[in-house]
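*Asks:* Take a look at this one; I'll ask things after.
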Amino acid sequence: MEFFCGLDVSIDETAVCVVDEQGTVHLETTVATDPAALRDAVKPFLPRLRRMGHEAGSLSPWLHPEMLALGLPAVCLETKHVRAAMSAQRNKTDKADALGIAHIVRTGWFRTAHIKSEASYRLRLILTQRSTLKRKFMDLENTIRHSLKAFGIRLGTVSRARFDTAVREAVAQDALTRDLMEAMLRAKAVLWEEYTRLHKLVVRIVAGDEVCRRFMAIPGVGPVTALGVMTAIDDPSRFRRSRDVAAYFGLTSRRWQSGTSIDVQGRISKAGDPEVRRSLYEAASVLLTRFKGRDKLRTWGLELAKRSCHRKAAVAVARKMAVIMHAMWLDGTVYDGGPAVDPEERARHIACKNRKLPRALA
């Protein structure tokens with residue numbers, strides 16, 4: 001007889017449920033969220049424990065490798081599949097969730113979530129915190145603009161270099177508002193300083209990575225996009241085809257088909273990492289609007305924009321970018337825009353990008 005275990009993981013405690021191949025419950029308990037404690041809880045079933053499933057979550061990058069190191073047959077389940085399978089439950093409790101996960105791994109109706117390497121998670125953390133600082137910086141700037149509107153002060157279009165000066169000049173005659181705005185401007189300056197520090201760190205990492213530098217040979221792709229795509233894919237061999245990467249980043253259209261009368265292809269699924277998808281879209285927009293060289297991908301995107309619109313063309317180009325980057329990584333090739341590309345112009349473009357990197361690391 002084989003056994004299957006389901007874990008409902010939380011910060012402090014984890015609900016454990018073990019069932020056999022017929023679905024009979026043999027163990028229901030709660031232990032501390034610790035790999036050693038989990039191993040002790042299922043120790044009597046270990047010789048015949050086939051799968052030990054847990055839902056992907058914030059603790060998965062730490063918990064899953066630790067469980068595998070202890071010899072536990074851990075399986076990380078995709079959240080969407082677990083939610084769909086247990087949506088029919090009348091009551092949602094940790095005990096019921098552990099039982100549901102145990103039945104999921106028993107029946108095999110699940111898809112395994114990929115646990116990225118520790119190095120990949122560390123690099124992604126840099127991108128995440130960089131994005132957080134930038135978002136908070138923009139929130140403070142917008143808050144200052146909105147606060148001044150109450151006094152009839154409209155800053156209008158002001159460059160970032162002159163923003164602080166414009167605010168100070170606008171509130172110079174009001175002592176209370178001047179002190180308040182000064183505090184906000186100091187906080188904004190600190191956020192900007194730390195944001196630029198993290199951005200420089202991203203540039204240094206990308207400059208020292210050969211895969212990211214090859215990605216940046218694609219027009220429009222910068223350090224953030226290159227590093228984001230590399231850390232999101234983590235292992236290129238886990239995708240059977242390069243075009244699967246586009247679906248992984250949520251850049252393929254959704255489909256709703258039922259019988260012969262209903263077959264709707266909607267907008268993109270927006271699955272996967274939203275930050276990577278956003279950066280790919282921005283890179284595609286830069287390629288279509290700012291890049292002035294000759295490139296086969298750009299030519300194809302501009303033709304598509306004439307037939308539909310810029311947004312759809314940018315999404316299509318972003319989808320192709322993701323596929324091309326995965327293929328480049330997999331076979332070690334270098335990007336070539338096709339016969340429409342002038343080799344001297346491509347060399348000037350790459351040299352221009354390299355000049356923007358730190359000289360010691362370029």
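Only the coordinates and a few stated rules stand behind these numbers; no lab work does. Because the structure is predicted, anything quoted here is derived from the model rather than measured. As a convention, Cβ positions derive from the backbone with ideal geometry for all residues, glycine included, and neighbour counts pool all protein chains shown.
*Asks:* Return the whole-Å distance between the Cα centroid of the range 183-245 and the Cα centroid of the range 1-67.
*Replies:* 36 Å
*Asks:* Could you give the angle, 0 to 90 degrees to the nearest 10, between helix 310-331's Cα long axis and the longest principal axis of the Cα atoms of the chain?
*Replies:* For 310-331 against the chain, the angle is about 60 degrees.
*Asks:* Also, I was wondering about something else. Sort out for me the Cα centre separation of the range 247-285 from the range 69-129, rounded to whole Å.
*Replies:* So the separation of the two Cα centres works out to 23 Å.
*Asks:* Any idea what angle helix 343-356 forms with the longest principal axis of the chain, computed on alpha-carbon atoms, 0 to 90 degrees, nearest 10?
*Replies:* That helix lies at roughly 80 degrees to the long axis.
*Asks:* If R0 is 35 Å, what FRET efficiency do you get for Gln129 and Ala37 from their C-beta distance, rounded to 0.05?
*Replies:* It comes out at approximately 0.65.
*Asks:* At Ser147 and Glu303, where each label point lies 7 Å from the Cα along Cα→Cβ, what is the point-to-point distance in nanometres?
*Replies:* 5.4 nm
*Asks:* Could you rank the peptides 172-185, 253-266, 40-53 by their average count of other C-beta atoms within 10 Å per residue, with the highest value first?
*Replies:* In descending order of packing, they fall as 40-53, 172-185, 253-266.
*Asks:* Hand me the chymotrypsin sites (Phe, Trp or Tyr not before Pro) from the range 79-127 located in a DSSP loop with no more than 16 other Cβ atoms within 10 Å, in residue order please.
*Replies:* Trp109
*Asks:* Just to check I understand the Karplus step: with θ = phi - 60° and J = 6.51 cos²θ - 1.76 cosθ + 1.60, what whole-Hz values come out for the range 71-84, glycine and proline as x?
*Replies:* x, 7, x, 6, 9, 9, 9, 5, 4, 4, 5, 5, 4, 5
*Asks:* Work out the FRET efficiency for Arg255 and Arg111 from their Cβ-Cβ distance, taking R0 = 22 Å, and round it to the nearest 0.05.
*Replies:* It comes to 0.75.
*Asks:* Compactness ratio of the range 210-356: Cα Rg over 2.2 N^0.38 Å, N = residue count?
*Replies:* Cα-based Rg divided by the globular estimate yields 1.08.
*Asks:* Here is a further query. Need the full-extension length gain, Ala119 to Arg83, defined as separation in residues times 0.36 nm minus the C-alpha distance. One decimal, nm.
*Replies:* Residue separation times 0.36 nm, minus the Cα-Cα distance, leaves 10.1 nm.
*Asks:* Now for a separate question. What aspartates and glutamates could a cross-link reach from Lys188, if we take a straight Cα to Cα line under 15 Å and drop same-chain neighbours fewer than 8 places away?
*Replies:* Asp139, Glu141, Asp164, Asp179
*Asks:* Count the lysine pairs in the range 210-356 that are 8 or more places apart or on different chains: how many have C-alpha atoms under 16 angstrom apart?
*Replies:* Final tally of qualifying lysine pairs is 6.
*Asks:* I want to verify a result. In a Gaussian network model of the chain, Cα cutoff 10 Å, which of these has the top mean-square fluctuation: Lys92, Lys136, Lys292?
*Replies:* Fluctuation is largest for Lys92.
*Asks:* Using the alpha-carbon atoms, what tilt in degrees (0 to 90, nearest 10) does helix 223-233 show relative to the longest principal axis of the chain?
*Replies:* 10 degrees
*Asks:* Could you order the peptides 145-151, 11-17, 32-38 from most to least packed, using the average number of other C-beta atoms within 10 Å per residue?
*Replies:* Averaged packing, sorted descending, gives the order 11-17, 32-38, 145-151.
*Asks:* Still on this model: Given a Förster distance of 35 Å, report the FRET efficiency between Glu28 and Gln265 from their Cβ-Cβ distance, rounded to the nearest 0.05.
*Replies:* For R0 = 35 Å, the calculated efficiency reads 0.20.
*Asks:* Compute the projected area of the convex hull of the Cα atoms of the chain, averaged over all viewing directions, and report it in nm² to one decimal place.
*Replies:* Averaged projected hull area, Cα only: 26.5 nm².
*Asks:* Something else: In the range 188-226, which GluC sites (Glu not before Pro) fall in coil by DSSP and have 10 or fewer other Cβ atoms within 10 Å?
*Replies:* none
*Asks:* Which of the aspartates and glutamates could a cross-linker span from Lys116 if the Cα-Cα distance has to be under 16 Å and same-chain partners fewer than 8 positions apart are dropped?
*Replies:* Within the straight-line cut-off, Lys116 pairs with Glu55, Glu66, Glu78, Asp234, Asp235, Asp273.
*Asks:* Name the long-range amide H neighbours of Leu27: under 5 Å, sequence gap of 5 or more, or other chain; modelled H, no Pro or chain starts.
*Replies:* Answer set, sorted by chain and number: Val18.
*Asks:* If eta is 1.567 mPa s and T is 4 °C, what Stokes-Einstein diffusion coefficient results for the range 66-123, Kirkwood Rh from Cα pairs, in µm²/s?
*Replies:* The calculation lands on 99 µm²/s.
*Asks:* Can you list residues whose amide H is under 5 Å from Leu77's amide H, if they're 5+ apart or on another chain and H is modeled 1.01 Å from N?
*Replies:* Amide H neighbours of Leu77: His54, Glu55, Ala56, Ala113.
*Asks:* What Kirkwood hydrodynamic radius, in Å, does the range 3-107 give when the mean of 1/r is taken over all pairs of distinct Cα atoms and then inverted?
*Replies:* After inverting the pairwise mean of 1/r, the radius is 13.3 Å.
*Asks:* Return the distance in nm (one decimal) between the two label points of a simple spin-label model at Arg178 and Arg48, each offset 7 Å from Cα along Cα→Cβ.
*Replies:* In this crude label model, Arg178 to Arg48 measures out at 8.3 nm.
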